[in-house]
Amino acid sequence: MSSGEVSNISSYCLDEKSFHLCCKLFLQHSGVIRDGWSWADVKGSEEGYVKKTAIIPAKLGSLLNHKADDGMNAVTGVDECDDEAVGDYIVQSQVLVHYEYHILYSIGHQVPILYFRASTLDGQPLSLDEVWSNIHPNYRQRLLQGPWDTLTQQEHPFLGQPFFMLHPCHTEEFMKPLLQMADDKKRKINYITTWLSVVGPVVGLDVPLSYHTELPAPD
Amino acid sequence: MSVFPSDKTLLNSPMAAESVEKAASCPKLQFAPFSSALEAGFWHQLTQKKLNDYRLDESPRSIKGYYYNGDPSGLPTRLTLEFSAFDVNGPTPAYCCAAMGTLYNTNTLEAFKSTDKKALLDEAANEIWTAIQSGAAVEDPSILSKFIILTFADLKKYHFYYWFCFPALCFLEGIKLVKDPVLLQQKFSPQQVSAFQAAYDGLCSSSGTTAVPYFLVKYSEENVEVALLKDWDLFFTDLKKVTVGVYDPCTLPQHPGWPLRNFLFLLASKWGSQLDVLEIVCFRDRTLQGCRSVQQSLVLEVKLPSLSPSAACPKGVGWEKNPKGAMGPRSVNLSECMDPKRLAESSVDLNLKLMRWRLVPSLDLDKVVSTKCLLLGAGTLGCNVARTLMGWGVRHITFVDNAKISYSNPVRQALYEFEDCLNGGKTKALAAVDRLKKIFPGVNAKGFNMSIPMPGHPVSFSEVTIAQAQKDVEQLEELISSHDVVFLLMDTRESRWLPTVIAASQRKLVVNAALGFDTYVVMRHGLKKPKDSDTGDSSPSSSFSASDSSSSSTPATPGTSLFSNIPGHRLGCYFCNDVVAPGDSTRDRTLDQQCTVSRPGLAMIAGALAVELMVSILQHPEGGYAVASGSNDRMNEPPTSLGLVPHQIRGFLSRFDNVLPASLAFDKCTACSQVVLDHYERDRFQFLSKVFNSTHSFLEDLTGLTLLHQETQAAEIWDMSDDESI
């Protein structure tokens, strides 16, 4: 059986070798369309993960409370009043959210796992409620039925920092019909691309159509 | 073009109008300053570095950030530091430009405040100026985007204070714009745009990177060439009008970003006197929907003032404003994601939510989590009940026990260890609290090392013992009053009497668990109707009393019509039920009277069932008033999202089986009958002390319960064996 290609009907998992191959092809296409995915090596290890960061304007509201008022303003000792060459162009009312997406491989479940974290530009992570409030309402109903219901909080296995992750225990379940359909139509698909299209909206991640149309499937 | 107020007017808006006039008369180039952008991982990494590496060493550290010229419009010009910022030799993200910085991490908030910011800025400005003068900046222009970050990490509170500085050298008179800025697509034909793009890509690949911060540009109708800054002399033959490129992270339609500032200073200092007009391509390289576009790049034409290369270091600016627009540091509170205790709490909550999202969407978790639980008894049952409550996220757990931990306890009592038995043993109630906090620091646990006065156990030996008993009663009353659910988990029957009475009087939900050798009963006590409600409650109960007494002589079969659909307020308590239990003289003893040795798994099963019963009750819209489910209801539509809400669960480990009997409150019950409650509520301790000091006949007389006689004889036997310590 050729690696990465889904030809074994009985299993809709992704073995590690295929994961790497799928990632490689995925990253190749990402390099072409420059949407920011890259491979991150883990120091002192053979392993690694696919990552991307993105800045997304967020809804206002609770996020404004992130700005702590701690009376530190009095601490200046800096006098820059004469710099006329500076413009302040930042739209102050806009809150930006820094999303980090990491695609890891789960040996236990033999599927990819999406780890993510969102934070304001001062590095303060968003709570899950805040993440939810930034999900487009059109997606919410569907996400509640999955995979939002698999969201959990866990330490990043390589970084040791708290991340949210979409628990892989249901991945095979929702991937199976998709893979089966592709199989019936004798169409080769890239597992990572298909999977990411399902889980991406949870975290504000859109997978451009060109991944499906132009990305060569592994064979 | 739009006019931007100077810094002065930003700080003091009434002056804005004046500045508009001033600026309009003399169009000068203005720059969008960097906004600092930190990933959450940066703070985690700084924490690790501080703890393991820097410790108390405050010396400056090299650090690395990056900026990007591919943002869609609307985003601020950012300098980003991620967790890898401390690895200055690590890779820079593709198509991003690295910026090298210096980290000053102070040990105290005082040092952070008192650090001489002007001196830091001057030092950095001087470093840049020296590199410009020496020509080092021409060889490697990355020094031009050098930055400073001053930090203080309060690792006790997980508060971080920081202040960025992006040093920029200032021209005294500013820089004049010769023409209005235009977009590259207005200046270049499509052929030139793609030639430019190809030339830039070629330059990147020949220099082995994916982004070049500063470069030289030459173009004709058909051709565009680019080169590195250090190749200036070879590249430009005619200096009348030269074109340079700057990798521009700004997305504004009229203004360049910060990196151009120091570059212009370099150009002015090196070639300013020779250049007539300088053309600048602020290179912006966006990709939208997989479609690359550099057309949005900005083209500026400026006249550079000439600078003497030997001049003294020019004035530097660059400390970042805080979100309020003032010159001041920023701070961020990361206790939510860094404090292990807070992390444990949010993880536990999220895990429970998962259950709701995935399996039981209508589950009301808040109702469970906010329930205050009083555990009377911190032995095998108490330990297991507490652990299961914690599993449900219950935060408020209080233990009452008067025993110390003995050597035989830890193997069965899940909250204790061998060490707890040494030196006479720790008190259970307190040791249990300590262990709960170790397991989950977010728990609000308290322990009370106290005895519960019991009927037939006289307290009238001396004034001291009476006073103590009164104090214990009051304490227990107070505890029951301040909790929502009372768990009866003691190992004697008598000790359950007082809390049963108090809880019945206070209308508190009681969950009772008792063990035999291989049998158990877990039950909820009937919850009397609120005191101010219709008192017609007692009459139906007495109308049933005839059948109650008849059932006391014939075994009550669970599921018979008499015992189905009993509402919560008419259910019996532990004492009602024992009285109506099938009567065979000697063997008619409650479970805990038979033997305190039980199969080891039993306490775990019964303890867990007690908590799960509580949770199911809480999920029922009527709570403790819910109609009792029976074994037969197992086939029916369950009353709650979690299933049935039985009155009792009686289990038989030998058969690995259980039944769900339900039984009515008994109007002659020695604990929950109206006459007992009336006396308690009227005479309080006076009545209670009579019960403690008297034999069973007192309660028997009170309730008019002749049947109790036989039953209390058995209790007496038990009392003696309890005291005799064989």
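Quick notes on this one:
- Projecting the Cα atoms of B:GLN686, B:PHE31, B:LEU121 onto the charge dipole of chain B (Cβ charges, centred on the Cα centre) puts B:PHE31 farthest toward the positive pole.
- Accessible area buried at the A-B interface, both sides summed, 1.4 Å probe (Å², nearest 100): 5600 Å²
- Acute angle (nearest 10 degrees) that the helix B:428-439 long axis makes with the longest principal axis of chain B, alpha-carbon atoms: 30 degrees
- When the pairs A:LYS52/B:LYS50; B:LYS64/B:LYS324; A:LYS52/B:LYS117 are compared against a 31 Å limit on Cα-Cα distance, A:LYS52/B:LYS117 fall above it.
- Environment charge at B:TRP258 (Cβ cut-off 11 Å; Lys +1, Arg +1, Asp -1, Glu -1): 0
- Loop-located trypsin sites (Lys or Arg not before Pro) in the stretch A:117-219 (DSSP state not H, G, I, E or B) with no more than 12 neighbouring Cβ atoms inside 10 Å: A:LYS185, A:LYS186, A:ARG187.
- Out-of-range pairs (alpha-carbon distance over 30 Å; input B:LYS118/B:LYS187; B:LYS157/B:LYS428; B:LYS428/B:LYS471; B:LYS176/B:LYS321): B:LYS118/B:LYS187; B:LYS157/B:LYS428
- Relative contact order [Cα under 8 Å, 6+ residues apart], chain B, whole percent: 10 percent
- Ranked from largest to smallest solvent-accessible area, with a 1.4 Å probe on the protein heavy atoms, B:GLU173, B:GLU301, B:GLU123 come out as B:GLU173, B:GLU123, B:GLU301.
- In chain B, a dipole from Cβ-located charges (positive for Lys and Arg, negative for Asp and Glu) runs towards its positive end, and of B:TYR200, B:TRP163, B:PHE399 it is B:TYR200 whose Cα lies farthest in that direction.
- Ordered from highest to lowest accessible area with the whole protein assembly present and a 1.4 Å probe, B:ARG524, B:ARG292, B:ARG435, B:ARG684 read as B:ARG684, B:ARG292, B:ARG435, B:ARG524.
- Partner chain coverage, peptide B:38-48 - average Cβ within 10 angstrom: 5
- Carbon/sulfur fraction of accessible area - the stretch B:69-217, other protein chains in place, 1.4 Å, %: 54 percent
- Taken about its Cα centre, the stretch A:116-170 carries a charge dipole of roughly 200 debye when the Cβ of each Lys and Arg holds +1 and the Cβ of each Asp and Glu holds -1.
- Nearest-10 value in Å² for the accessible area of B:ASP53, using the 1.4 Å probe: 80 Å²
- Among the GluC sites (Glu not before Pro) in the stretch B:40-121, those placed in a DSSP loop whose Cβ has at most 16 other Cβ atoms within 10 Å are B:GLU58.
- Axis of helix B:117-134 versus longest Cα principal axis of chain B: the two differ by about 40°, to the nearest ten degrees.
- In this rough spin-label picture, where each label sits 7 Å from Cα along the Cβ direction, the A:PHE174-B:ALA136 distance is 5.4 nm.
- Heavy atoms of A:MET181: accessible area, 1.4 Å probe, square angstrom to 10: 100 Å²
- Cα centroid separation - the stretch B:454-498 against the stretch A:95-164, whole Å: 51 Å
- Cα coordinate range in the stretch B:243-291, projected on the principal axes (Å, largest first): 44, 17, 16
- Sorting B:THR427, B:THR695 by solvent-accessible area of protein heavy atoms yields B:THR695, B:THR427, largest first, with a 1.4 Å probe.
- Interchain or long-range residues, amide H under 5 Å from B:MET450's placed H: B:ASP401, B:ASN402
- Treating each Cα of the stretch B:114-253 as an identical point scatterer and summing with the Debye formula, the log10 of I(q)/I(0) at q = 0.08 Å⁻¹ comes to -0.33.
- Rounded D (µm²/s) - the stretch B:286-361, Kirkwood Rh over Cα pairs, Stokes-Einstein at 37 °C, 0.692 mPa s: 164 µm²/s
- Alpha-carbon centroid distance for the pair the stretch B:107-130 / the stretch B:68-94, whole angstrom: 23 Å
- The convex hull built on the alpha-carbon positions of the stretch B:593-650 has an orientation-averaged projected area of 4.9 nm².
- For chain B, the percent of C-alpha pairs falling in each 20 Å distance bin, counted from 0 to the bin holding the largest distance, reads 14, 32, 16, 19, 16, 3, 0.
- Per atom type, the stretch B:340-430 shows carbon and sulfur on 52% of its accessible surface, probed at 1.4 Å.
- Cα centre as origin, Lys/Arg/Asp/Glu Cβ charges: chain B dipole, Debye: 1600 debye
- Dipole axis of the stretch B:619-671 (+1 Lys, Arg; -1 Asp, Glu on Cβ), positive-most option in B:SER631, B:SER641, B:GLY651: B:GLY651
- Considering only beta bridges that DSSP places wholly inside chain B, some 60 percent are antiparallel.
- Computed with a 1.4 Å probe over protein heavy atoms only, the accessible area of A:ILE189 comes to about 30 Å².
- Probe 1.4 Å, protein heavy atoms only - accessible area per residue of the stretch B:44-148 in square angstrom: 42 Å²
- Three principal axis lengths of the stretch B:34-190 [C-alpha, angstrom, descending]: 58, 33, 27
- Taken over the Cα atoms of the stretch B:210-250, the convex hull encloses 100 Å³ per residue.
- Based on Cα contacts under 8 Å between residues 6+ apart, the stretch B:284-439 shows a relative contact order of 13 percent.
- 21 Å Cα-Cα threshold exceeded, pairs from B:LYS528/B:LYS668; B:LYS508/B:LYS531; B:LYS404/B:LYS438; B:LYS28/B:LYS230: B:LYS28/B:LYS230
- Helix B:259-271 vs. chain B, principal-axis angle (Cα, 0 to 90°, nearest 10): 20 degrees
- Under 5 Å from the amide H of B:PHE147 lie the amide H atoms of B:MET100, B:GLY101, B:THR102, each residue being 5 or more positions distant or on a separate chain, with H modelled from the backbone and absent for Pro and chain starts.
- Put a plus charge on the Cβ of each Lys and Arg, a minus charge on the Cβ of each Asp and Glu, and nothing anywhere else: the dipole of the stretch B:305-453 about its Cα centre is then about 240 debye.
The values are calculated or read from the model by the stated rules, or taken from the named source; none is laboratory data. Just so it is clear, the structure is predicted and the values come from calculations on it, not from any experiment. Because the Cβ atoms are built from the backbone with ideal geometry, glycine has one as well, and the counts that use them run over all protein chains shown. The area values use the complete protein model at the heavy-atom level, side chains included, leaving out ligands, DNA and RNA. Shrake-Rupley method; radii C 1.70, N 1.55, O 1.52, S 1.80 Å.
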